[in-house]
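Coordinate-derived values only; no laboratory data. Model, not experiment: these values are computed from the prediction. Ideal geometry is used to build each Cβ from the backbone, glycine not excepted, and the neighbour counts take in all protein chains shown.
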Amino acid sequence: METENRPIRQSPPKSALERLYLIDQQIASGKYPNTSYLVEYVKEEWGKITTSTISRDIAYMKDRLHAPIEYNALQRGYYYSEPHFRIPLGFSGAEELLALGMAKGILSLFQETPLYESAVRLMESITAPLAGEGNRDWFENRIVVPKIAAAKVEPAIWNTIIAGLKENRILTFKYLGKRDEDYQNRMVRPYQLLFDSGVWFLYGFSEERRALRIFSLSRIKDAALSKVRFSLPPNYSYTNLTGDSYFGIFIGMKKHHFSIDCFDDAAIYAAERRWAKDQKIIKRNKGITMEFTSTQYEKVLQWVLSCGCCAIPRKPKMLVDHWKWHVHEMNNHA
């Protein structure tokens, strides 16, 4: 029986990633390759290679990449005890792994959801070759995604909704709407999960309202799967209802043409982003005018109000009137 009593390398050199993939291919093939065979096989691509190098590679795969490598004494070679296992390096070269390592910070946006721990473990296993080479410290400390105020999602709620999405089964739950004094019973056909500014939402068809609705997961309780299945309708996706604008999670049935004058910081902020597919930026002597169409009326109103005195709506009239009302009320509460 072959054994590897050599020290386990903490990280292979970046140039060794392809070699690990070649070893993975042969073990997964069912040929029961041994160390000598792998030396000859890898040599075709790499030139001279030693049994010590192959032994260290296999030990690294087992210890750091959690590869279920076993030795079959009868076949005199290695095999995977989990037949469908493959090391997660087949699609990644050194640069791709580095980019993926840098992207790990984005996972912090999902820290209040049950998927976070699993996603981190998966990302760590994929980017394990970066450890110990002096790379980890610099990108983890220098490329940062600041945390945002996030709404926590209970694991039971999350798992039930995921099951409903996967199996196309109607969900039942109690929901506290923004204008409700107490939780209300709801039945919903789950279409999609949406994420916006630290909050997860369920988008689907409400049986009570006979209409499309969006529900914040943090205000759902007692979620359960019904036995009733449904079929997804054509064009069910949330993206078909945004009117080709990008102001966050909101659906509306009516498309509006917006015209907003922006000044100072708001002008810079507005001009450097794309808010809608048909957006037009018109430069003025002072600031800019931003024009676009959207069905996300309430989100646009929220954005204008968030800019304070640096954004003044011009169209549609309904937006102008709502903006003036909010300004008046803020003045009354000052």
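Things worth noting here:
- Approximate spin-label separation I162-R121, in nm, with each point projected 7 Å along Cα-to-Cβ: 1.1 nm
- Three-way shape label, the range 155-238, alpha-carbon gyration tensor, a/c 1.5: rounded
- Here's the picture: a label point sits 7 Å out from the Cα of N72 along the beta-carbon direction, and within the range 17-37 the residues with their amide nitrogen under 15 Å of it are 26-35.
- Among the listed pairs K174/K227; K152/K174; K104/K178, those whose Cα-Cα separation exceeds 26 Å are K104/K178.
- Computed from the C-beta positions of K277 and Q111 and an R0 of 25 Å, the FRET efficiency is 0.20 to the nearest 0.05.
- For the range 207-334: span of alpha carbons on each principal axis (Å, largest first): 62, 37, 24
- Packing-based ranking, highest mean first, of 211-223, 280-292 given that Cβ atoms within 10 Å are counted: 211-223, 280-292
- Distant-in-sequence amide contacts of G77, defined by a placed amide H-H separation under 5 Å and a gap of 5 or more residues or a different chain, comprise N72.
- Label zone at E208, where the point sits 7 Å out along the Cα-to-Cβ direction: the range 162-181 residues whose backbone N lies under 15 Å: 171-181
- Here the gap between A224 and Y236, fully extended at 0.36 nm per residue and compared with their Cα-Cα distance, gives a gain of 2.1 nm.
- Calculated from backbone phi, Karplus (6.51, -1.76, 1.60) coupling profile of the range 198-214 in Hz, x at Gly/Pro: x, 10, 9, 10, 9, 10, x, 9, 7, 5, 5, 8, 6, 7, 6, 9, 10
- In the structure shown, the pairs K166/K255; K254/K299; K254/K317 are assessed against 21 Å; a Cα-Cα span above that value is assigned to K166/K255.
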